[in-house]
Every structure is written in C-alpha cells, then in structure tokens.
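Engineer: Quick one: the structure is below, and I'll ask about it shortly.
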Amino acid sequence: MSLPAGWTLSASAFNLTPEVIRAERSAPDLALSLVERGTARAIEIELGQMWRGFPAPPAGPVEVFRDDLAAAGGRVSIVGVSIDEFDRGRRRTDADRRAFLEPQLRAAASAGAAGVRLPIGQAGALLDEILPLLEELDIVLYEEAQGHETPAARAAAYDRIGELDTPRVRLLLDISMLMPALPVTYLDQLERGGIPADLLRRLRDEWRDPATQDAVVDLLRTGGVPGPVHTLYMNLLVRFGRSGIDDLASVLPLIGAAHLKFWDLDDADGRVTRPIRDVGAALRTAGFTGTLCSEWGGQEWLDDDPWQMTERHLAVAREALAGA
C-alpha cells in the first residue's frame with residue numbers, strides 16, 4: 001500500500017547535529033548529503049545551524065545551496081527559524097521581533113523552501129502583520145506543537161490558527177505529543193544515572209498515568225534528580241508527551257505538516273510505530289497533504305550513525321504510514 005497523493009516523506013538535517021558539532025564538514029554540505037545519499041529528496045534545515053550571519057545570512061551561500069540541492073534532485077521543504085525575545089537583556093518590541101524574523105523568512109524563500117517553522121504561539125501579534133510578507137514570498141508559516149503542547153494546554157494558540165483561516169499559517173504536529181511509552185534507551189540512561197527505582201518503574205510501565213507526571217515533578221522539586229542526568233530528565237517535562245490521537249481531533253484540519261519524531265528504534269511493543277500509524281490514519285481521514293519529516297531526537301544520548309538511523313527510521317515510517 002502506497003502513501004496518499006500529496007504526502008511526502010522528508011528528513012531533517014537536524015538529525016546530523018552531532019556531525020555539525022564535529023565540524024569536519026560544513027553544515028550545508030552535511031544537509032546536502034541527505035539527498036546525495038538517497039536518504040530523502042525533501043529535507044528540513046535549521047537556519048541558525050546552516051550559515052553565518054544569523055538571523056540574516058548572506059544571500060550568496062543560501063542560493064548556492066539551493067542550486068546544489070536542486071542539481072542533486074532535492075529541495076528544502078521547511079526551514080526552522082526562531083525569534084530571540086531579548087537583545088542584551090532588553091525585551092524586543094514587536095517591531096524588533098519582526099526585524100529579527102523577516103530576514104529569516106527571506107532567506108528561507110531564497111533557499112527554495114515551501115515554509116518556515118516556529119514554536120506554536122511564538123509569533124503572537126506578528127501573525128497578522130506578516131501575512132502579506134508570507135504571500136509575497138509564497139511560503140507557509142508552520143506553528144509547531146510538540147511534547148506537552150496539547151490543544152488543551154495551548155488552546156489560545158491553536159484557536160488563533162483557526163481564526164486566521166489562511167493556508168499561509170498552518171499547524172505542524174510533532175508526534176512526540178503522542179508517546180505511548182518512553183524510549184528504551186532513554187530509560188536505560190536514567191537508570192544508569194541513578195534515578196530512584198520506584199520512579200523508573202512508573203516511567204517504564206505507567207508513562208501515561210497522570211500520577212507519574214506528578215512523581216516526576218516531585219523528584220525535581222525536592223532536588224532528587226542526580227546531576228549527570230538532570231538535563232536529560234527535563235525531557236519528561238518538555239519534549240515527551242503522553243496524549244492520544246483523540247486529543248487532537250479538533251485540530252486535525254489545521255495540520256499542514258508533521259514531524260515523525262523518534263528517539264531510538266526499539267519498537268518491540270510498537271512504541272515507535274504506533275504514533276505514526278495513529279497519525280497516519282487520522283491525517284488520511286482529514287484529507288491532509290504535506291510533508292512528514294523524520295526527526296531524530298535521540299542524538300542527545302545516543303552516538304549511532306545519524307544517516308543510518310534516519311534511513312532506517314524512514315523505512316519504518318513508510319511501512320507504518322502505508323498500513324495506517
């Protein structure tokens with residue numbers, strides 16, 4: 001069974017972040033490698049990771065990358081952008097925020113992207129103001145929701161997308177919101193880091209129980225999280241969600257893209273593929289068209305080859321989506 005017409009599987013250059021940090025090859029060269037290796041034809045890139053001069057990279061290198069990508073048979077789907085809310089300790093005004101965002105939108109258009117991505121709600125009052133610019137550049141602004149950012153938790157931000165009622169502003173759903181269980185390798189890291197056995201049992205067996213989240217917060221508040229895994233532990237509060245697909249029923253028509261977030265590929269009980277199948281089935285019903293991007297978050301604690309991880313995940317995702 002094939003994917004529906006209008007669905008495109010893509011890969012994120014964010015997956016190659018460990019290689020970017022290693023700096024043996026440039027970030028544009030690494031991003032291009034995803035297409036040259038045949039991993040994907042459509043790729044997402046992070047503007048701040050790609051070129052010097054952020055938030056206004058010089059036009060020349062951006063256009064060279066676009067042309068090199070096209071020559072290899074690829075294209076940019078979505079560009080991750082951001083708004084720095086403070087400038088040397090002073091909160092930016094809306095005019096300052098637009099001045100920070102606009103060159104990023106123009107750079108994304110120069111790269112040949114179909115859209116840009118911001119965290120849900122971050123654009124705020126700028127949404128109305130930049131609609132004409134989005135039209136001029138022929139790009140879409142995707143507001144990304146992930147982890148705990150459910151419609152119930154961020155109702156006003158979701159409602160704003162619906163109120164605008166424009167194809168230029170769409171929702172990007174990250175399936176980290178729909179985790180039935182935590183990654184096996186992540187739990188192993190917490191165990192080695194000294195997280196109490198009772199909480200580990202809850203995290204392994206009762207991730208979606210609200211009482212488990214209460215226990216997570218309690219350990220943090222009492223200072224019981226061991227230092228070596230403190231940063232990793234915060235994923236439980238931010239990046240790892242515990243909702244079901246039914247919690248998203250009201251916003252399915254707003255979705256214009258999805259991140260098929262994965263952490264590792266241990267899928268013995270369907271913890272990797274179940275969210276993909278659930279989202280795939282829901283998006284079919286909603287008449288979705290757009291990109292579904294493989295994004296690897298497990299690089300935070302794993303040192304596997306990022307190209308191989310991405311290629312393996314895309315194969316798993318294609319099978320899960322086709323059978324959804």
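The values are calculated or read from the model by the stated rules, or taken from the named source; none is laboratory data. Note that the coordinates shown come from a computational prediction; the quantities given were computed from them, not determined experimentally. Because the Cβ atoms are built from the backbone with ideal geometry, glycine has one as well, and the counts that use them run over all protein chains shown.
Engineer: Just to verify a result, which residue in the stretch 76-102, among those that are crowded, with 22+ Cβ neighbours inside 10 Å and of a type in the set (A, V, I, L, M), is farthest from Leu133 (Cα to Cα)?
Structural biologist: The extreme case among them is Val76.
Engineer: Let me ask something else. Would you point out the residue of the stretch 217-253, among those that are of a type in the set (Ser, Thr, Tyr) and within 30 Å of Leu171 (Cβ to Cβ), that is surrounded by the fewest Cβ atoms within 10 Å (Cβ to Cβ)? Show your work before the answer.
Structural biologist: As a first pass, look at the stretch 217-253 and keep what is of a type in the set (Ser, Thr, Tyr): 222, 231, 233, 243, 250.
With within 30 Å of Leu171 (Cβ to Cβ) added as a condition, the list becomes 231, 233, 243, 250.
Values: Thr231: 11, Tyr233: 18, Ser243: 20, Ser250: 14.
The residue in question is Thr231.
Engineer: I would also like to ask the following. Using beta carbons and a limit of 9 Å, which pairs, at least six apart or on different chains, have the first residue in the stretch 42-64 and in the same structural domain as Ala111 (by TED's automatic domain parsing) and under 14 Å from Ser82 (Cα atoms) and the second one assigned to a helix (DSSP H, G or I) and among the basic types (Lys, Arg)?
Structural biologist: Ala56/Arg106
Engineer: Quick test for you: out of Leu200, Leu248, Leu237, Leu190, pick the one residue that is in contact with a strand residue (DSSP E or B) (Cβ under 8 Å, 6 or more places away or on another chain) and either in contact (Cβ under 8 Å) with a residue 12 or more places away in the chain or assigned by TED's automatic domain parsing to the domain that holds Asp267 (or both).
Structural biologist: Details: Leu200 fails: in contact with a strand residue (DSSP E or B) (Cβ under 8 Å, 6 or more places away or on another chain); Leu237 fails: in contact with a strand residue (DSSP E or B) (Cβ under 8 Å, 6 or more places away or on another chain); Leu190 fails: in contact with a strand residue (DSSP E or B) (Cβ under 8 Å, 6 or more places away or on another chain).
None of the other options fit; the residue is Leu248.
Engineer: Give the residues of the stretch 225-240 that are of a type in the set (Val, Ile, Thr) and not in a helix (DSSP H, G or I), sorted by residue number.
Structural biologist: From the stretch 225-240, those of a type in the set (Val, Ile, Thr) are 225, 229, 231, 238; that's our starting set.
Hits for the stretch 225-240 are Val225, Val238.
Engineer: Do we have Leu134 as without any contact (Cβ under 8 Å) to a residue 60 or more places away in the chain and under 21 Å from Glu295 (Cα atoms) here?
Structural biologist: On the way: without any contact (Cβ under 8 Å) to a residue 60 or more places away in the chain: yes; under 21 Å from Glu295 (Cα atoms): no.
For Leu134, the condition - without any contact (Cβ under 8 Å) to a residue 60 or more places away in the chain and under 21 Å from Glu295 (Cα atoms) - is not met.
Engineer: For Glu136, are the conditions met, namely being more than 29 Å from Ser33 (Cα to Cα) and buried (at least 20 other Cβ atoms within 10 Å of the Cβ)?
Structural biologist: Numbers: more than 29 Å from Ser33 (Cα to Cα): yes; buried (at least 20 other Cβ atoms within 10 Å of the Cβ): no.
So Glu136 does not fit the description; no.
Engineer: OK, next. Which pairs turn up if I take residues in the stretch 304-324 that are modelled with pLDDT of 95 or more and look for partners that are of a type in the set (D, E, K, R) and part of a helix (DSSP H, G or I) with beta carbon separation below 7 Å, at least 6 apart in sequence or on another chain?
Structural biologist: Matching pairs, first to second residue: Pro306/Glu19; Ala320/Arg277.
Engineer: Okay, next question. Would you please list the contacts, defined by Cβ atoms under 7 Å and residues six or more apart or on different chains, that run from a residue in the stretch 66-95 that is in contact (Cβ under 8 Å) with a residue 60 or more places away in the chain to a residue that is assigned to a loop (DSSP other than H, G, I, E, B) and crowded, with 16+ Cβ neighbours inside 10 Å?
Structural biologist: Listed pairs, sorted by first residue: Ser77/Ala113; Ser77/Ala114; Ile78/Ala113; Ile78/Ala114.
Engineer: Here's something else I'd like to know. Would you call Gly73 at pLDDT below 95 and either at positive phi or under 18 Å from the mean Cα position of the chain (by Cα) (or both)? Steps first, answer last, please.
Structural biologist: Working: at pLDDT below 95: no; either at positive phi or under 18 Å from the mean Cα position of the chain (by Cα) (or both): yes.
No.
Engineer: Could you go through the stretch 241-259 and let me know if any residue there is in a helix (DSSP H, G or I) and of a type in the set (Lys, Arg).
Structural biologist: Narrowing the stretch 241-259 to residues in a helix (DSSP H, G or I): 245-254.
The next check asks that each one be of a type in the set (Lys, Arg); those that pass are none.
No, every residue in the stretch 241-259 fails to be in a helix (DSSP H, G or I) and of a type in the set (Lys, Arg).
Engineer: Can you work out which of the residues in the stretch 282-324 that are of a type in the set (Val, Ile, Thr) and assigned to a helix (DSSP H, G or I) is nearest to Gly6 (Cα to Cα)? Outline the logic, then answer.
Structural biologist: Narrowing the stretch 282-324 to residues of a type in the set (Val, Ile, Thr): 285, 289, 291, 310, 316.
Applying the additional criterion that residues be assigned to a helix (DSSP H, G or I) yields 285, 310, 316.
Numbers: Thr285: 14, Thr310: 22, Val316: 19 Å.
My answer is Thr285.
Engineer: Within 24 Å of Ala258 (Cβ to Cβ), among the polar types (S, T, N, Q), in contact with a helix residue (DSSP H, G or I) (Cβ under 9 Å, 6 or more places away or on another chain) and touching a residue at least 12 places away in the same chain (Cβ under 8 Å): is that true of Thr17 in this structure? Break it down stepwise before answering.
Structural biologist: Details: within 24 Å of Ala258 (Cβ to Cβ): yes; among the polar types (S, T, N, Q): yes; in contact with a helix residue (DSSP H, G or I) (Cβ under 9 Å, 6 or more places away or on another chain): yes; touching a residue at least 12 places away in the same chain (Cβ under 8 Å): yes.
Yes.
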